[in-house]
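Working notes, structure below.
The values are calculated or read from the model by the stated rules, or taken from the named source; none is laboratory data. As the structure is a computational prediction, the values presented were derived from the model and not from experiment. Cβ: placed from backbone, ideal geometry, glycine included. Neighbour counts: every protein chain shown. Side chains included, ligands, DNA and RNA excluded: accessible areas come from the protein's heavy atoms. Shrake-Rupley method; radii C 1.70, N 1.55, O 1.52, S 1.80 Å.
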Amino acid sequence: MEQETFMIEGRHAVLEALRAGRPIDKLYVLDGCQDGPVLTIKREAKKRDAFVKYVTKERLDQLSQTGKHQGVIACAAAYAYAEVEDILRIAADKGEPPFLILLDNIEDPYNLGAVIRTANLVGAHGVIIPKNRAVGLTAAVARTSAGALNYTPVARVTNLARTIADLKKEGLWFVCADMNGTVMYDLDLKGPVGLVIGSEGEGVGRLIREACDFTAAIPMRGNIDSLNASVAAGVMAYEILRQRMG
């Protein structure tokens, strides 16, 4: 089971995992606990910018596989995260304009895994996800990616809007999927590009949408008004690939 493989329980085990630099997607801590060891764990988590969620003992008991969580459970990533600079270096080494896929608040591991798989197939150089309010590289994501995680790097950033601003300085421009945007076939999607996909229901957040240069709409003729996030990513990513192949 995913939880058995990638959940670390107990104060000593969690502290050692943090100090060893193991990627931690989320740290569950007993709400209101002020014990010395737990405070040390919280300090280490803050140093490493790990997301901490305070929960009840009942919630910890539900998550625990050992029954010995001691008030702390860490959810470790199945794969190590890359840096954004690593992704840009891959594009440079290939002599290609960067092609990145950025995901805003995707919480479904199967959507993330499917996007990573698509990213590999369309030749995207990497995927960028936010640290908060988003799924990390869990075992389910690894399985759904069907091996693509071995080839396509995923970077995790604290602030997606700031990352977009920094990447614009590197020459990238950004297009986000939005049903009110310009039909994607009418946009020039060649060159160094970042494709931004939002969650189902909420879509791309306002601040992220405003940080993008263009909004692109996928033509639809059906009775419902939205696509699954990973399907939308696939449709738009393949249009970018088609234009890049020219």
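At a glance:
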item	result
Relative contact order for the chain, counting Cα pairs under 8 Å that sit 6 or more residues apart, in percent	18
Note, ³J(HN,Hα) from phi for segment 229-235, Karplus 6.51, -1.76, 1.60, rounded to Hz, x at Gly and Pro	4, 6, 5, 4, 4, x, 4
Relative contact order of segment 99-174, defined on C-alpha pairs under 8 angstrom at six or more residues apart (%)	35
Residues whose placed amide H lies under 5 Å from that of ASP104, excluding near-sequence neighbours	ILE197, GLY198, SER199
Too-long pairs where the Cα-Cα distance tops 27 Å, listed order kept, from LYS42/LYS169; LYS53/LYS168; LYS46/LYS68; LYS42/LYS168; LYS47/LYS68	LYS42/LYS169; LYS53/LYS168; LYS42/LYS168
Cys with no candidate disulfide partner in the chain (beta-carbon separation under 4.7 Å rule)	CYS33, CYS75
Of all accessible heavy-atom area on the chain, the percent that carbon and sulfur account for (1.4 Å)	49
Relative packing of peptides 204-215, 188-199 - highest average C-beta neighbours within 10 Å first	188-199, 204-215
Local electrostatic count, ARG206, Cβ distance below 15 Å [Lys/Arg +1, Asp/Glu -1]	-2
Phi-based couplings in Hz for segment 136-144 (Karplus 6.51, -1.76, 1.60; Gly and Pro marked x)	x, 7, 7, 4, 5, 5, 4, 5, 5
Long-range HN-HN contacts of ASP178 with modeled amide H, under 5 Å	ALA216, ALA217, ILE218
The chain: calculated mean residue ellipticity at 222 nm from DSSP helix runs of at least 4, using -39500 (n - 2.57)	-11500 deg cm²/dmol
Charged-residue dipole, Cβ positions (Lys, Arg, Asp, Glu), the chain about Cα centre, Debye nearest 20	540
Note, ³J(HN,Hα) from phi for segment 171-177, Karplus 6.51, -1.76, 1.60, rounded to Hz, x at Gly and Pro	x, 7, 10, 10, 10, 10, 7
